[in-house]
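The values are calculated or read from the model by the stated rules, or taken from the named source; none is laboratory data. It should be emphasised that the depicted structure is a prediction, and the values quoted were computed from it without experimental measurement. Using ideal geometry, Cβ is built from the backbone for each residue, glycine included, and neighbour counts are taken over all protein chains shown. These accessible areas exclude ligands, DNA and RNA; they are computed on the full protein's heavy atoms, side chains included. Shrake-Rupley method; radii C 1.70, N 1.55, O 1.52, S 1.80 Å.
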Amino acid sequence: MVRLAPEWRGGLQQFFKDLNESGDDVFFSPHPTDVESIRRVAAHDGKDIYYLLIEQGKTVGYGMLRGWDEGYQIPSLGLAIHPSVRGQGLGKMLMGFLHLQAFRRGAEKVRLRVNSTNDKALKLYKGLGYVFEEDPHQVDLLVGFKDLGTE
Ligand SMILES: CC(C)(COP(=O)(O)OP(=O)(O)OC[C@H]1O[C@@H](n2cnc3c(N)ncnc32)[C@H](O)[C@@H]1OP(=O)(O)O)[C@@H](O)C(=O)NCCC(=O)NCCS
(Lines give C-alpha, C1' and ligand atoms only; values in the text may rest on other atoms or scores of the structure.)
Protein backbone atom coordinates (compact mmCIF):
# COMPACT_ATOMS: atom_id res chain seq x y z
CA MET A 1 0.00 0.00 0.00
CA VAL A 2 1.36 3.45 -0.83
CA ARG A 3 -0.12 6.82 -0.12
CA LEU A 4 -1.03 8.47 -3.42
CA ALA A 5 1.62 11.04 -4.32
CA PRO A 6 2.51 12.92 -7.55
CA GLU A 7 4.98 10.23 -8.67
CA TRP A 8 2.14 7.66 -8.83
CA ARG A 9 -0.18 9.66 -11.05
CA GLY A 10 0.78 7.79 -14.25
CA GLY A 11 -0.10 4.48 -12.60
CA LEU A 12 -3.42 5.83 -11.41
CA GLN A 13 -4.20 7.18 -14.88
CA GLN A 14 -3.55 3.74 -16.38
CA PHE A 15 -5.63 2.09 -13.64
CA PHE A 16 -8.64 4.23 -14.58
CA LYS A 17 -8.08 3.58 -18.29
CA ASP A 18 -8.25 -0.19 -17.63
CA LEU A 19 -11.26 0.24 -15.35
CA ASN A 20 -13.10 2.27 -17.97
CA GLU A 21 -12.30 -0.25 -20.69
CA SER A 22 -13.83 -3.02 -18.62
CA GLY A 23 -16.97 -0.91 -18.04
CA ASP A 24 -16.44 -0.43 -14.31
CA ASP A 25 -16.68 3.36 -14.46
CA VAL A 26 -20.44 2.84 -14.07
CA PHE A 27 -19.83 1.63 -10.51
CA PHE A 28 -16.69 3.54 -9.60
CA SER A 29 -16.21 7.20 -10.51
CA PRO A 30 -14.91 8.90 -7.37
CA HIS A 31 -13.59 11.94 -9.23
CA PRO A 32 -12.89 13.02 -12.82
CA THR A 33 -10.08 11.06 -14.44
CA ASP A 34 -8.66 13.50 -16.97
CA VAL A 35 -4.94 14.22 -16.64
CA GLU A 36 -5.41 17.52 -14.82
CA SER A 37 -7.88 16.04 -12.30
CA ILE A 38 -5.59 13.08 -11.56
CA ARG A 39 -2.70 15.51 -11.12
CA ARG A 40 -4.75 17.51 -8.63
CA VAL A 41 -5.83 14.45 -6.61
CA ALA A 42 -2.26 13.10 -6.57
CA ALA A 43 -1.04 16.43 -5.21
CA HIS A 44 -3.79 16.54 -2.58
CA ASP A 45 -2.64 17.69 0.82
CA GLY A 46 -5.35 17.42 3.44
CA LYS A 47 -7.07 15.11 5.90
CA ASP A 48 -8.69 12.89 3.30
CA ILE A 49 -6.54 9.93 2.30
CA TYR A 50 -5.94 8.15 -0.99
CA TYR A 51 -4.02 4.89 -1.20
CA LEU A 52 -2.80 2.75 -4.05
CA LEU A 53 -2.21 -0.97 -3.94
CA ILE A 54 0.95 -1.58 -5.96
CA GLU A 55 2.18 -4.95 -7.13
CA GLN A 56 5.48 -5.13 -9.01
CA GLY A 57 5.19 -1.49 -9.93
CA LYS A 58 1.64 -1.79 -11.27
CA THR A 59 -1.37 -0.12 -9.66
CA VAL A 60 -3.83 -2.93 -8.90
CA GLY A 61 -6.05 -1.19 -6.38
CA TYR A 62 -7.21 2.27 -5.34
CA GLY A 63 -8.93 3.17 -2.10
CA MET A 64 -9.89 6.37 -0.35
CA LEU A 65 -11.46 7.88 2.72
CA ARG A 66 -12.98 11.30 2.15
CA GLY A 67 -15.15 13.78 3.96
CA TRP A 68 -12.76 14.92 6.68
CA ASP A 69 -11.57 17.85 4.54
CA GLU A 70 -15.19 19.02 4.36
CA GLY A 71 -15.60 18.68 8.12
CA TYR A 72 -17.58 15.44 8.31
CA GLN A 73 -16.97 13.08 11.25
CA ILE A 74 -17.79 9.92 9.32
CA PRO A 75 -15.52 9.38 6.30
CA SER A 76 -16.82 7.99 3.01
CA LEU A 77 -14.95 4.98 1.72
CA GLY A 78 -14.37 4.14 -1.92
CA LEU A 79 -12.35 1.44 -3.63
CA ALA A 80 -11.70 -0.46 -6.82
CA ILE A 81 -9.52 -3.45 -7.66
CA HIS A 82 -7.95 -3.90 -11.10
CA PRO A 83 -10.01 -6.30 -13.26
CA SER A 84 -6.97 -8.58 -13.76
CA VAL A 85 -6.61 -9.44 -10.06
CA ARG A 86 -10.16 -9.67 -8.76
CA GLY A 87 -11.58 -12.53 -6.73
CA GLN A 88 -8.32 -13.09 -4.84
CA GLY A 89 -9.14 -11.31 -1.63
CA LEU A 90 -7.49 -7.99 -2.47
CA GLY A 91 -10.74 -6.05 -2.18
CA LYS A 92 -11.33 -7.46 1.27
CA MET A 93 -7.75 -6.68 2.23
CA LEU A 94 -8.01 -3.09 0.99
CA MET A 95 -11.27 -2.62 2.91
CA GLY A 96 -9.60 -3.87 6.09
CA PHE A 97 -6.72 -1.46 5.53
CA LEU A 98 -9.07 1.50 5.01
CA HIS A 99 -11.11 0.57 8.10
CA LEU A 100 -7.91 0.51 10.12
CA GLN A 101 -6.82 3.89 8.78
CA ALA A 102 -10.23 5.37 9.61
CA PHE A 103 -10.14 3.87 13.11
CA ARG A 104 -6.59 5.18 13.73
CA ARG A 105 -7.81 8.66 12.79
CA GLY A 106 -10.56 8.48 15.37
CA ALA A 107 -13.57 7.63 13.19
CA GLU A 108 -16.28 5.60 14.92
CA LYS A 109 -17.98 4.68 11.65
CA VAL A 110 -17.38 4.67 7.94
CA ARG A 111 -19.97 5.12 5.24
CA LEU A 112 -20.14 4.35 1.55
CA ARG A 113 -22.54 4.56 -1.34
CA VAL A 114 -23.04 1.69 -3.72
CA ASN A 115 -25.20 1.06 -6.76
CA SER A 116 -27.96 -1.36 -5.79
CA THR A 117 -27.09 -3.56 -8.80
CA ASN A 118 -23.40 -3.88 -7.85
CA ASP A 119 -23.74 -7.42 -6.46
CA LYS A 120 -20.02 -8.10 -6.01
CA ALA A 121 -19.44 -4.96 -3.99
CA LEU A 122 -22.62 -5.42 -1.94
CA LYS A 123 -21.62 -8.98 -1.05
CA LEU A 124 -18.19 -7.78 0.00
CA TYR A 125 -19.59 -4.96 2.13
CA LYS A 126 -22.33 -7.02 3.78
CA GLY A 127 -19.74 -9.69 4.63
CA LEU A 128 -17.75 -7.00 6.42
CA GLY A 129 -20.71 -5.88 8.51
CA TYR A 130 -22.10 -2.92 6.58
CA VAL A 131 -25.74 -2.11 7.17
CA PHE A 132 -27.58 -0.49 4.26
CA GLU A 133 -30.40 1.92 3.75
CA GLU A 134 -31.79 3.58 0.65
CA ASP A 135 -30.18 6.82 -0.43
CA PRO A 136 -32.88 9.48 -0.07
CA HIS A 137 -31.23 11.52 -2.84
CA GLN A 138 -30.74 8.84 -5.52
CA VAL A 139 -33.04 5.86 -6.05
CA ASP A 140 -30.44 3.51 -7.54
CA LEU A 141 -27.98 3.95 -4.68
CA LEU A 142 -27.71 2.42 -1.24
CA VAL A 143 -25.87 4.03 1.65
CA GLY A 144 -23.98 1.68 3.95
CA PHE A 145 -22.57 2.25 7.41
CA LYS A 146 -20.16 0.20 9.43
CA ASP A 147 -19.20 0.59 13.08
CA LEU A 148 -15.44 0.45 13.51
CA GLY A 149 -13.57 -1.24 16.33
CA THR A 150 -15.64 -4.39 15.94
CA GLU A 151 -13.39 -6.31 13.51
C1 LIG B 1 -16.01 -4.85 -5.67
C2 LIG B 1 -14.52 -5.14 -5.82
C3 LIG B 1 -13.71 -4.03 -5.14
C4 LIG B 1 -14.20 -6.49 -5.16
O5 LIG B 1 -12.79 -6.68 -5.23
P6 LIG B 1 -12.15 -8.18 -5.22
O7 LIG B 1 -10.70 -8.03 -4.96
O8 LIG B 1 -12.57 -8.90 -6.44
O9 LIG B 1 -12.91 -8.81 -3.96
P10 LIG B 1 -12.35 -9.99 -3.05
O11 LIG B 1 -11.62 -10.99 -3.90
O12 LIG B 1 -11.63 -9.43 -1.89
O13 LIG B 1 -13.70 -10.63 -2.59
C14 LIG B 1 -14.28 -10.20 -1.39
C15 LIG B 1 -15.74 -10.53 -1.41
O16 LIG B 1 -16.38 -9.81 -2.47
C17 LIG B 1 -17.44 -10.58 -3.00
N18 LIG B 1 -17.13 -10.90 -4.39
C19 LIG B 1 -15.95 -10.72 -5.03
N20 LIG B 1 -16.04 -11.12 -6.31
C21 LIG B 1 -17.30 -11.56 -6.47
C22 LIG B 1 -18.04 -12.11 -7.57
N23 LIG B 1 -17.46 -12.30 -8.77
N24 LIG B 1 -19.34 -12.42 -7.37
C25 LIG B 1 -19.94 -12.26 -6.17
N26 LIG B 1 -19.29 -11.75 -5.08
C27 LIG B 1 -18.00 -11.42 -5.24
C28 LIG B 1 -17.52 -11.81 -2.14
O29 LIG B 1 -18.34 -11.56 -1.03
C30 LIG B 1 -16.10 -11.97 -1.68
O31 LIG B 1 -15.99 -12.70 -0.48
P32 LIG B 1 -15.70 -14.28 -0.53
O33 LIG B 1 -14.46 -14.45 -1.31
O34 LIG B 1 -15.54 -14.61 0.93
O35 LIG B 1 -16.91 -14.87 -1.17
C36 LIG B 1 -14.14 -5.25 -7.34
O37 LIG B 1 -15.01 -6.16 -7.96
C38 LIG B 1 -14.14 -3.93 -8.09
O39 LIG B 1 -13.17 -3.18 -8.06
N40 LIG B 1 -15.25 -3.65 -8.78
C41 LIG B 1 -15.37 -2.45 -9.64
C42 LIG B 1 -15.36 -1.16 -8.82
C43 LIG B 1 -16.46 -1.16 -7.78
O44 LIG B 1 -17.56 -1.66 -8.00
N45 LIG B 1 -16.11 -0.57 -6.63
C46 LIG B 1 -17.07 -0.41 -5.55
C47 LIG B 1 -17.87 0.82 -5.76
S48 LIG B 1 -19.02 1.09 -4.44
Inset, instruction - Assuming a ≥ b ≥ c are the square roots of the Cα gyration tensor eigenvalues, decide whether segment 1-46 counts as rounded (a/c under 1.5), prolate (otherwise, with a/b larger than b/c) or oblate. - result: prolate
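Let me know the shape class of the chain, please: from the alpha-carbon gyration tensor, a ≥ b ≥ c as square roots of the eigenvalues, rounded when a/c is under 1.5, otherwise prolate if a/b is greater than b/c, or oblate.
Rounded, because the longest to shortest axis ratio a/c is under 1.5.
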Inset, instruction - Among the aspartates and glutamates, select those whose C-alpha is under 17 Å from the C-alpha of Lys126, and discard any that sit fewer than 8 residues away in the same chain. - result: Glu134, Asp135, Asp147, Glu151
Legend entry - Qualifying aspartates and glutamates (Cα of each under 12 Å from Cα of Lys17; at least 8 residues distant if same chain): Asp25, Asp34
Legend entry - Asp147 paired with Lys58, simple spin-label distance in nm, labels 7 Å along Cα-to-beta-carbon: 4.1
Legend entry - Burial ranking of peptide ranges 68-80, 15-27 (average Cβ count within 10 Å, highest at the top): 68-80, 15-27
Legend entry - Dipole magnitude of segment 2-147, debye to nearest 20 (Cβ charges: Lys/Arg +1, Asp/Glu -1, about Cα centre): 520
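Roll a 1.4 angstrom probe over the protein heavy atoms and tell me the percent of accessible area of the chain that is carbon or sulfur.
Working: 4290 of 8620 Å².
Carbon-and-sulfur percentage of accessible area, whole number: 50.
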Inset, instruction - Would you calculate a helix-derived [θ] at 222 nm for the chain, using -39,500 (n - 2.57) for each DSSP H run of n ≥ 4 and dividing by the full residue count, to the nearest 500? - result: -9000 deg cm²/dmol
Inset, instruction - Tell me the label-point distance for the pair Arg105, Lys126, using the 7 Å Cα-to-Cβ offset, in nm and rounded to one decimal. - result: 2.9
Legend entry - Dipole of the chain, positive end: most advanced residue of Gly71, Tyr125, Gly149 [Cβ charges, Cα centre]: Gly149
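So, for the chain, what is the accessible surface per residue at a probe of 1.4 Å, expressed in square angstrom?
Numbers: 8620 Å² over 151 residues.
About 57 Å² of surface per residue is accessible.
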Legend entry - Efficiency of FRET from Cβ geometry, Glu70 and Glu133, R₀ 25 Å, rounded to 0.05: 0.75
Inset, instruction - Choose one answer from Arg105, Arg113, Arg66: the residue with the largest mean-square fluctuation in a GNM of the chain with alpha-carbon springs under 10 Å. - result: Arg105
